[in-house]
Amino acid sequence: MSKAILTISSKNYSSWSLRGWLLCRLAGLDFEEDVRSADDPSTRAELLLMSPSFLVPSLSHNGITIWDTLAIGEYLHEIAPGAGLLPSAQGARAHCRAVSGEMHSGFASLRGALPMNLKARYPGFKVWQGAKADIARVTTIWNEVITRYGGPYLFGARPTLADAMYAPVCTRFHTYDVSLDRTCQDYCETILSMQHMQEWIEAAKEEPDAVEELEAEF
C-alpha cells in the first residue's frame with residue numbers, strides 16, 4: 001500500500017493546510033507532505049482569499065483524492081473511527097458537524113481582517129468592526145460547547161474535527177492579541193500547547209517565504 005500524501009501550502013499563512021494536516025495527525029495517519037510554494041499563482045490566490053474554491057489541502061490515500069477539508073475529516077473518521085475525530089454520541093456528533101460546518105463556510109470578515117500569520121505578533125491590534133461580530137460568534141460557540149461537554153477540548157477530553165477546524169482561529173487570536181474571556185483563553189492555550197500544534201508552529205517559523213500582501217497591511 002502506498003503512503004498517503006497530503007498536499008499543503010504555507011505553514012505560516014495557510015489556515016486550511018493546518019486544518020487538514022492536524023486532522024491527519026489526530027487520525028494517526030502515516031503520510032508524506034507535498035508542500036506547494038507560496039510563489040505558485042494558485043497557492044497565492046488561495047492564501048489571499050481570491051480563489052473561488054480551495055483545493056489545498058488535498059489528501060491522496062488508497063487511490064482516492066480528497067480536497068475539501070470537511071471531506072478529509074469525514075474520510076479519516078471512516079478509516080480510523082477509534083481516533084475520535086467525531087464524538088461517539090449521536091447528538092454530540094451532529095453538534096460537532098454543525099459547528100465545524102459553520103467554521104468551514106462562514107466567518108469571512110474574520111478571515112479577511114485577521115489573516116493567519118504565525119510568525120507575527122501585533123499587541124493592541126485594533127480589530128475592524130466587521131470582524132467583531134465573527135469573533136463574538138466564535139466565542140459564543142466555544143463557551144456553549146465547552147460548558148456542555150466539559151472541556152478542555154470542544155467536545156470533551158479528546159480533540160475532534162471541531163478542534164481542527166477552529167485551531168487556526170486560536171492562532172489568529174494570539175497573533176492579533178484578541179481579548180478573550182477565561183474559558184476561551186484557556187481553550188486557546190490548550191490548542192496551542194498541543195504537541196502537533198507546536199510541531200506545526202515551529203515549522204512555520206522556519207519558512208523562508210513571505211507573502212507581502214499578508215504583511216503589508218500591518
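The values are calculated or read from the model by the stated rules, or taken from the named source; none is laboratory data. Keep in mind the model is a prediction, meaning the values are calculated, not measured. Neighbour counts are summed over all protein chains in view; Cβ atoms, including those assigned to glycine, are modelled from backbone coordinates with ideal geometry.
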Fill in the blank from the handout: Exactly one of ALA167, ALA204, ALA94 is over 27 Å from GLU78 (Cα atoms) and not basic (Lys, Arg), and that residue is ALA204
Problem - Residues being under 17 Å from ALA162 (Cα atoms) and in a loop (DSSP other than H, G, I, E, B) - total across the stretch 52-98 - result: 9
Fill in the blank from the handout: Per the filter on the stretch 143-156, residues assigned to a helix (DSSP H, G or I) and over 19 Å from LEU70 (Cβ atoms) are ASN143, GLU144, ILE146, THR147, ARG148, TYR149
Exercise for the section: Go through the stretch 119-136 residue by residue and tally those that are exposed (fewer than 15 other Cβ atoms within 10 Å of the Cβ) and assigned to a helix (DSSP H, G or I). Expected result: 5
Problem - Long-range neighbours under 7 Å by Cβ, at least six apart or interchain, first residue of a type in the set (Phe, Trp, Tyr) within the stretch 103-127, second assigned to a loop (DSSP other than H, G, I, E, B) - result: TYR122/TYR176; TYR122/ASP177; TYR122/PHE218; PHE125/TYR176; PHE125/ASP177
Problem - Residue satisfying all of: in the stretch 11-51; assigned to a loop (DSSP other than H, G, I, E, B), at pLDDT below 90 and out of contact with any strand residue (DSSP E or B) (no Cβ under 7 Å at 6 or more places or on another chain); nearest to THR160 (Cα to Cα) among these - result: LEU49
Exercise for the section: Could you list all residues from the stretch 157-211 that are part of a loop (DSSP other than H, G, I, E, B) and at pLDDT 95 or above? Expected result: ALA157, ARG158, PRO159, THR160, TYR176, ASP177, VAL178, SER179, LEU180, ASP181, SER193, MET194
